[in-house]
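Everything below concerns the one structure shown next.
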Amino acid sequence: MKWFKDRLQSEYDNEQVPLHRAYGRWRREHPVLDRVVFYSIRAVVIFVLIVLGVAVFSTVYSLLMYADALVATVFLVAVFSVLAVIFTKIPRKRYKLIRKIKKLCKTEKYRIKFCRKTLRSFSWSDAEPDFILETGRYVYYAHFLTVNKYNSTLTFKTPEAIEKVSYPLDNKFTIIFEFKPKRKMLRTNFKPLPETDRKKYVRAIIVNPVCREMYESDRDGELLATGNGMEKFGYTVYTGSGFVESVRRNESMQKDIQY
């Protein structure tokens with residue numbers, strides 16, 4: 001995706017510019033003409049969208065006013081059902097994961113304590129975990145990290161900060177309307193975990209729903225691709241299913257060692 005790559009000045013000056021970046025050099029060489037073309041295309045697109053909006057509104061209005069009541073009712077139910085499925089995607093994924101975690105705890109007789117209500121868990125918090133899960137050998141202090149759009153990246157930059165970037169759809173409309181990525185910095189000033197010989201305490205960040213890509217910063221500030229199971233800065237990053245499998249696997253390995 002074009003949003004993930006920074007265009008360097010040397011690339012514009014180099015004659016062997018990749019084809020997908022050649023347009024940027026043309027814009028620099030023809031700034032006035034570029035803006036004229038840009039705003040002309042934007043005006044045409046806006047006009048087409050307005051016409052389509054009026055057409056859709058007229059169709060719906062006519063259907064509701066002149067169609068049979070049963071047909072209108074079925075149409076409205078279908079529309080609201082589709083909207084409900086779209087806008088409840090994130091809560092459904094979260095509740096599904098919580099049910100899976102509860103089922104694991106019930107099956108294996110683990111103890112779990114929810115420290116924040118489910119609705120509050122959609123907002124990030126480093127002050128307290130969303131839940132504490134205790135197995136035979138491990139204690140997990142788990143924090144939910146909600147990603148509202150799949151087309152996003154998470155960068156674990158420092159022990160105190162995570163950068164979340166939400167990108168627009170990678171199509172022509174993002175260029176015409178100059179949509180910009182939304183950046184948000186999440187603080188990770190966690191309190192120290194308890195230390196005992198009997199239990200191993202784990203700070204877990206559960207990314208749910210997942211994002212497209214995750215990165216971590218190395219000592220030189222370079223970004224490295226990462227994902228489920230990353231251990232750095234005093235915490236471990238999991239996806240929802242990855243967390244459940246890790247809890248099950250860690251406890252199984254511990255039992256095998258005992259035997």
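The values are calculated or read from the model by the stated rules, or taken from the named source; none is laboratory data. From a predicted model like this one, the values you see are computed outputs, not experimental measurements. Neighbour counts run over all protein chains shown; Cβ positions are idealised from the backbone, glycine included.
Laid out as a table, the results:
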quantity	calculated
Scope segment 199-253; condition among the acidic types (Asp, Glu), touching a residue at least 60 places away in the same chain (Cβ under 8 Å) and exposed (fewer than 14 other Cβ atoms within 10 Å of the Cβ); matching residues	none
Cross-chain or 6+ apart pairs with Cβ under 6 Å, segment 157-179 first and more than 17 Å from Phe233 (Cα to Cα), then surrounded by fewer than 17 Cβ atoms within 10 Å (Cβ to Cβ) and modelled with pLDDT under 55	Tyr167/Trp3; Asp170/Met1
Per-region count, segment 138-151, residues at pLDDT 90 or above and over 11 Å from Asn208 (Cβ atoms)	4
Scope segment 133-152; condition of a type in the set (S, T, N, Q) and more than 8 Å from the chain's Cα centre (by Cα); matching residues	Thr135
Which numbered condition Asn228 misses (of (1) at pLDDT below 90; (2) in contact with a Gly (Cβ under 7 Å, 6 or more places away or on another chain))	(1)
Of all residues making up segment 108-136, the number that are within 21 Å of Lys199 (Cβ to Cβ), not aromatic (Phe, Trp, Tyr) and not in a helix (DSSP H, G or I)	13
Cβ-Cβ under 8 Å pairs, at least 6 apart or on other chains, segment 83-107 side in a helix (DSSP H, G or I), far side exposed (fewer than 11 other Cβ atoms within 10 Å of the Cβ)	Cys105/Arg111
Scope segment 101-115; condition out of contact with any Pro (no Cβ under 8 Å at 6 or more places or on another chain) and not aliphatic (A, V, I, L, M); matching residues	Lys102, Lys103, Cys105, Lys106, Thr107, Glu108, Lys109, Tyr110, Arg111, Lys113, Phe114
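So that you can scan it fast, the table gives a plain yes or no per residue for (1) within 30 Å of Lys200 (Cβ to Cβ); (2) at pLDDT 90 or above; (3) acidic (Asp, Glu):
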| residue | (1), (2), (3) |
| --- | --- |
| Leu70 | no, no, no |
| Ala78 | no, no, no |
| Ile86 | no, no, no |
| Glu128 | yes, yes, yes |
| Gly136 | yes, no, no |
